[in-house]
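The values are calculated or read from the model by the stated rules, or taken from the named source; none is laboratory data. Bear in mind that the values here come from a model prediction, so they are computed numbers and not experimental data. Neighbour counts are summed over all protein chains in view; Cβ atoms, including those assigned to glycine, are modelled from backbone coordinates with ideal geometry. Remember, those area values only see protein heavy atoms, side chains included, never the ligands or the DNA or RNA. Shrake-Rupley method; radii C 1.70, N 1.55, O 1.52, S 1.80 Å.
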Amino acid sequence: MNMSNPMIESTEIPEINYESVKRKQRIRTFAKGMLFLLPSLLLFGVFLFYPLFKTLYLSFFLTNARGETTVFVGLQNYLGMFASPIFHQSMKSTFLFVLYTVPTTIIIALFLAVLANEKLKGIGFFRTIFTSTMGISVAAASVFWLYLFHPSIGFINGILEMIGMESIGWLTDPKWALIAVAVTTIWMNLGFTFLVLLGGLQSIDSYLYESADIDGASYFYKLRRITIPMLSPTLFFVITVTIINAFQTFGQIDILTQGGPQNTTNLIVYSIYREAFTNYQFGTASAQAIVLFVIILIMTIIQFKLGERKVHYQ
Amino acid sequence: MTMPISKKILFYFLLSISALVVFAPALLAFVMSFMDNKDIMTGSLPQSLSFDNYIKAFEQFPLLKYLLNSFIVAIAITIGQLILSSLAAYAFVFLEFKGRDLLFFLFIATMMVPFEASIIPNFHIIRDLGWIDQYPGLTVPFFATAFGTFLLRQNFKQIPKELREASQIAGMGDFKFYLKVVLPVAKTSLVTLGAYGFLTSWNMYLWPLLSTTNDTVRTVQIGLKQLQTQEQLNDWGVIMSGAIIVIIPTMILLFLGQKQLQKGLTEGAIK
């Protein structure tokens, strides 16, 4: 054995090993990463991504009652849907519903959060009360309001009669039904919205208020100049979540009005449900589901894009 | 911060009025659940209070069975979500591998797909798996959650990377590190996510309505709907007692975990 060989080997081999070890390591960490992510990815694939594409696929077909495709109809389901007065009514009601619920929920919840953010004795009790509707399910809340809106024995008509006004068919009058469902929804969402906004308020640095106090700023000045701007990321989040939730409304409708009277409360998810699972028109129902998906998609993208730029972050 | 007494009184006044208005629907239902049906129908103040409505509700409806089903479903979903999202969050924080950012984007993308938009094929999948009226059909589709993953990821990020390096030198593998170090450190976040998961799955409505056709796995929310539609006599006392029973577990959870939830929701949501 000569002396130079081992010398050469010892300088070359480690380098080659280093590369291959690195590659092996990379494959190993990749495999490990996938292993940790696999359960989530698998379930997202089966119950979210695949169904989404299947919905798109179904929307180009007619189906039988079992949901198997029968005839390819191209865009016919979409064309039929956009020409249908029932779908127009459904879209109109859905957007009206968003308009009724979102600003009101946020204004009331913000009012409650500002009140409950004061350092007063017993404030914890009030916070608990304001949060409480978060623990009340859609079914229970709807049953509560079904009674409150009851035409003859209901609490609200009782008050109306007491002050000498005529009672209202809250859930049977096409003029009022959507408003009644909106009121129920606002009440239901109050707890969650309040809790998030209160969290946002509490994370504002108290130093800002102290220095404003030194300058002798008024309560409303502080509210307008410190609280609202500092709260804007939270507000923005809450607005998007409330809008998305409003588009997904189902339970209240199912218990309070079943989409009636005259389809005035036939919001989009209820419309999809009825088309698919009572009329067994899975093709047209899928076309509606795609519309819902596109709306939510746009909302989420707006949240991501605008949320970063237009909102004041700390 | 001291407040002048007049301002204090104003605040307490506003707080009390608001609390009364917000709590009135639940309070009325609570009182009605103890009232005689005659008193409810005539709108008079309760002449007598009793547990009769509750006894009736339990006797006429398999409420106990529904409650048990709801507990099984909600606990299964909670545990499933905790396991899956903590595993995923671990990968996103501690493992560096090619394609991680792409997968992270995929997780974000799931938030753009409302479950309602994919409910038709989902129903067919469950049916073809034979999972209608089965616990897996009610629970498995909800195990994976992007929200939970983000919430825990936020928390895991606060664990110093040096800790992982030190454990690597000590020869600790990733799974052991996840189990022995990360999970115990992130206990409060896990509790928050658990409470939130339980709350939302206990309150689920549309999916249990579709995926149950009989009493075997039917949850209490759908049971309440049945109670409400089948009470032909409009026995509001019984209906309200059913609704009160439905909200008791979540109300207790909310009262206990309010502070936790508030912190967790704002953290997971904003950052």
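Between the chain alone and the structure with every protein chain in place, find the residues of the stretch B:115-136 that drop at least 30 Å² of accessible area; heavy atoms, 1.4 Å probe.
By number: B:E116, B:A117, B:S118, B:I120, B:P121, B:N122, B:H124, B:I125, B:R127.
Given a 1.4 Å probe, how much area per residue of the protein assembly as shown is accessible, in Å²? Please report the intermediate quantities before stating the final value.
Details: 28130 Å² over 585 residues.
For the protein assembly as shown, the per-residue accessible area is 48 Å².
Using a cut-off of 15 Å between beta-carbons, work out the net charge of the residues near A:I272 (Lys and Arg +1, Asp and Glu -1, A:I272 not included). Walk me through the numbers on the way to the answer.
Details: positive: A:K54, A:R274; negative: A:D254, A:E275, B:E116.
So the environment of A:I272 carries a net charge of -1.
Nothing charged except the Cβ atoms of Lys and Arg (+1) and of Asp and Glu (-1): what's the magnitude of the dipole of the protein assembly as shown about its Cα centre? Round to the nearest 20 debye. List each step's numbers first, then the result.
Numbers: 40 positive and 32 negative charges, 252 e Å.
Using only the charged Cβ atoms, the result is roughly 1200 debye.
May I ask you to give the percent of accessible area on the stretch B:43-196 that is carbon plus sulfur, with a probe radius of 1.4 Å?
On the way: 4790 of 7230 Å².
After summing per-atom areas, the C and S share lands at 66 percent.
Below 15 angstrom from the Cβ of A:L110, what's the summed charge of the other residues (Lys, Arg +1; Asp, Glu -1)?
Working: positive: A:R127, A:K222, A:R224; negative: A:E118.
My count for the surroundings of A:L110 gives +2.
When all protein chains stay in place, what accessible area (Å², nearest 10, 1.4 Å probe) is found for A:K92?
Looks like 130 Å² after rounding.
What FRET efficiency would be calculated for the residue pair A:S232, B:K176, taking the C-beta separation as r and a Förster radius of 60 Å, to the nearest 0.05?
Details: r = 43 Å, r/R0 = 0.72.
After rounding, the FRET efficiency stands at 0.90.
Greater than 30 Å separation of Cα atoms is the criterion. Which listed pairs, A:K54/A:K305; B:K8/B:K157; A:K32/B:K157; A:K24/B:K157; A:K24/B:K176; A:K54/A:K92, meet it?
On the way: A:K54/A:K305 28 Å; B:K8/B:K157 42 Å; A:K32/B:K157 19 Å; A:K24/B:K157 26 Å; A:K24/B:K176 21 Å; A:K54/A:K92 27 Å.
Violating the 30 Å limit, Cα to Cα: B:K8/B:K157.
Take A:S218, A:S271 and sort them by solvent-accessible surface of the protein heavy atoms, 1.4 Å probe, largest at the top.
Numbers: A:S218 65, A:S271 10 Å².
Solvent-accessible surface, decreasing: A:S218, A:S271.
Just tell me, in residue order, which DSSP H segments of chain B are both 27 angstrom or longer along the helix axis (alpha-carbon based) and at least -1.0 in mean Kyte-Doolittle hydropathy. All intermediate terms of the calculation are to be shown ahead of the outcome.
On the way: long enough: B:5-32 (38 Å, 2.00); B:63-94 (46 Å, 1.81); B:236-270 (42 Å, 1.16).
Those that clear 27 Å and a mean of -1.0 are B:5-32, B:63-94, B:236-270.
Specify the angular offset, from 0 to 90 degrees and rounded to the nearest 10, of the alpha carbon long axis of helix A:177-202 from the longest principal axis of the alpha carbons in chain A.
50
So how strong a dipole does chain A carry about its Cα centre when Lys and Arg Cβ are +1 and Asp and Glu Cβ are -1, to the nearest 20 debye?
Numbers: 20 positive and 16 negative charges, 73 e Å.
About 360 debye.
Note down the nm distance, to one decimal, between modelled labels 7 Å out along Cα→Cβ at A:D173 and at B:S48.
In this crude spin-label approximation the distance works out to 3.8 nm.
For A:Q262 and A:R224, calculate 0.36 nm times their separation in residues minus their Cα-Cα distance, and state this gained length in nm to one decimal.
On the way: separation 38, 0.36 × 38 = 13.68 nm, distance 4.34 nm.
Separation in residues times 0.36 nm, less the Cα-Cα distance, equals 9.3 nm.
Could you work out the pair-distance distribution P(r) of the stretch A:85-309 from its alpha-carbon pairs, with 10 angstrom bin width and percents rounded to whole numbers?
Answer for the stretch A:85-309: a P(r) of 7, 27, 30, 22, 11, 3, 0 percent.
Under 20 Å Cα to Cα from A:K175, which aspartates and glutamates show up? Leave out anything in the same chain fewer than 8 places away.
A:E161, A:E166, A:D254
How would you order A:64-71, A:263-270, A:174-181 from highest to lowest mean count of nearby Cβ atoms within 10 Å? Mind showing how you got there, number by number?
Values: A:64-71: 11.9, A:263-270: 25.2, A:174-181: 19.6.
Those peptides, ordered most packed to least, come out A:263-270, A:174-181, A:64-71.
How large is the direction-averaged shadow of the alpha-carbon convex hull of the stretch B:119-256, in nm²?
Numbers: hull surface 46.3 nm².
Dividing the Cα hull surface by four gives the mean projection, 11.6 nm².
Give me a single rounded figure for B:7-16: the average over its residues of other chain Cβ atoms within 10 Å of their Cβ.
Details: counts 2, 3, 0, 0, 6, 7, 0, 6, 12, 2.
The per-residue average across the peptide is 4.
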